[in-house]
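Q: Before I ask anything, here is the structure I am working with.
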Amino acid sequence: MLVIFMLATFVGFQVIQNVSRLLHTPLMSLTNAISAIAVVGSIIIAGEQKSLFSAVLGAVAVGASMTNIVSGFLITDRMLKMFKQRRKAS
């Protein structure tokens, strides 16, 4: 499992590193949409309360997904500010 996680991290880093700057904003928006799906799934898992372990794991998943969504929006906002044209002082 650790090897798969390390390989996924390496492949993800290489893919993101080679994406052009113009595609980062749409890519982040897509990632936020996927994270929203993960939030819904984790809320369902946490709400079932089949066991204490699944409830705690669901709560951790909700927290991790929400962190990813908020961070994605902050990064997208920062990227969009980079494309705004600055007004010249006259």
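Q: Between Ser35, Ser54, Ser65, where does the largest GNM mean-square fluctuation fall for the chain, given springs only between Cα atoms within less than 10 Å?
A: Ser54
Q: Quick one: Cα convex hull volume of the range 33-78, Å³ per residue?
A: Roughly 42 Å³ of hull volume per residue.
Q: Quick check: pseudo-label points 7 Å beyond the Cα along Cα→Cβ at Phe5 and Val40, how many nm apart are they?
A: 2.8 nm
Q: Averaged over all directions, how much area does the convex hull of the C-alpha atoms of the range 1-40 cover when projected, in nm²?
A: 3.4 nm²
Q: Further question on the same structure: Taking the 0 to 90 degree range and rounding to the nearest ten, how far is the long axis of helix 2-17 tilted relative to the main principal axis of the chain, both from C-alpha atoms?
A: 20 degrees
Q: Note down the nm distance, to one decimal, between modelled labels 7 Å out along Cα→Cβ at Leu52 and at Gln17.
A: 4.4 nm
Q: Could you identify which residue out of Thr67, Thr76, Thr25 has the top mean-square fluctuation in a GNM of the chain using Cα springs shorter than 10 Å?
A: Largest GNM mean-square fluctuation: Thr67.
Q: Let me ask something else. Taking Cα atoms, how many degrees apart are the long axis of helix 52-83 and the longest axis of the chain, rounded to 10 and kept between 0 and 90?
A: Here the helix axis deviates by roughly 0 degrees.
Q: Mind grabbing the accessible area of Arg21 for me, 1.4 Å probe, Å², rounded to tens?
A: Here the residue's solvent-accessible area equals roughly 150 Å².
Q: If you don't mind, there's one more thing I want to ask. Give me the Debye-computed log₁₀ of I(q)/I(0) at q = 0.26 Å⁻¹ for the chain, equal point scatterers on Cα only, no solvent, two decimals.
A: Debye curve over Cα of the chain, log10 I(q)/I(0) at q = 0.26 Å⁻¹: -1.20.
The values are calculated or read from the model by the stated rules, or taken from the named source; none is laboratory data. The shown structure was predicted, so the numbers you read here are calculated from the model rather than taken from an experiment. Quick reminder, even Gly has a Cβ in these numbers, built from the backbone with ideal geometry, and neighbours come from all protein chains shown. For the accessible areas, the whole protein counts, side chains as well, though only heavy atoms, and no ligand, DNA or RNA atoms are used. Shrake-Rupley method; radii C 1.70, N 1.55, O 1.52, S 1.80 Å.
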